[in-house]
């Protein structure tokens, strides 16, 4: 697994309020903006900040909590194929992480998670859509 | 404030275990590695993942907690001067954020924080050291 963060995803208790802060307040422009669901903003050459409705976040990532619960954010590492998702999750497992196996997602991608020693969730993702392509490094950068 | 994340900082309960996972397990190479304190790893062109001893994290960011406490991570937006730190914090304040005023830090930088509507802490930082320069965009990218 090469050292890359593709997405930083924050759980938003009230997505409208969080959107108002980043989009209206700070003046940042969304790449993707789905009312009541998610707002995605480019925050680096291959990096996206995703503001995600907390209910949807917890439905996928697990209940947020201080001890055995999930942290209120995830980091994502995007790859170019479904097969790479499984390969990276297997390498994280060998490194000692607990792994939540990848599955097909409603939005057309294939993703799984692992947890680091502090419980931080890393999503390993294949996303064939425009946002997924945005965060992949160019081949020339390899 | 332009849309950029410079650092993702995770609070590590047991930094040695967290370091073992990322450095020995995943095979990632630290840019900075101070035993018992912090491990910093480049995870993007201008992006650093910082694994920070939880006690030090809480001493600076505040106690981690589910409700009024801090989240167990921070995002940082680095700028090229002390004056820009104050300018960005003022713009976040105008956008509705609560602000923790910037101050000189023991390591030679000048940083402050603001909290977004979900309590996520953004550190606005001027860091004149090599890691600080690593995360600043090149002038040609503006």
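Residue count for segment B:1-22, restricted to those that are more than 14 Å from the chain's Cα centre (by Cα), under 27 Å from residue A:137 (Cα atoms) and more than 8 Å from every other protein chain (Cβ to nearest Cβ): 2. Whether any residue in segment A:82-94 is within 14 Å of chain B (Cβ to nearest Cβ), touching a strand residue (DSSP E or B) at 6+ places or on another chain (Cβ under 6 Å) and within 23 Å of residue B:119 (Cβ to Cβ) is what I want to check. Looking for residues that are within 14 Å of chain B (Cβ to nearest Cβ), touching a strand residue (DSSP E or B) at 6+ places or on another chain (Cβ under 6 Å) and within 23 Å of residue B:119 (Cβ to Cβ), one finds none in segment A:82-94, hence no.
Restricting to segment B:61-75, and then to whatever is surrounded by fewer than 21 Cβ atoms within 10 Å (Cβ to Cβ) and touching a helix residue (DSSP H, G or I) at 6+ places or on another chain (Cβ under 8 Å), can you tell me which residue is modelled with the lowest pLDDT? By that ranking, first place goes to B:70. Of A:99, A:135, all but one fail to be more than 9 Å from chain B (Cβ to nearest Cβ), buried (at least 22 other Cβ atoms within 10 Å of the Cβ) and either touching a residue at least 60 places away in the same chain (Cβ under 8 Å) or in contact with a strand residue (DSSP E or B) (Cβ under 8 Å, 6 or more places away or on another chain) (or both); the exception is A:135. Does segment A:23-58 hold any residues that are within 29 Å of residue B:42 (Cα to Cα) and facing another protein chain (nearest Cβ under 7 Å), and which are they? Matches in segment A:23-58: A:26, A:28, A:41, A:42, A:43, A:44, A:45, A:46, A:47, A:49. Only one entry of A:43, A:48, A:8, A:23 meets the criterion of being at pLDDT 95 or above, part of a strand (DSSP E or B) and over 17 Å from residue A:121 (Cα atoms), and that entry is A:43. Residue A:58 passes every criterion in (1) at pLDDT 95 or above; (2) not in a loop (DSSP other than H, G, I, E, B) apart from (1).
The values are calculated or read from the model by the stated rules, or taken from the named source; none is laboratory data. Everything numeric here is computed off the predicted structure, so don't read it as measured data. Heads up, the Cβs are rebuilt from the backbone with ideal geometry, glycines too, and the neighbour counts pull from every protein chain shown.
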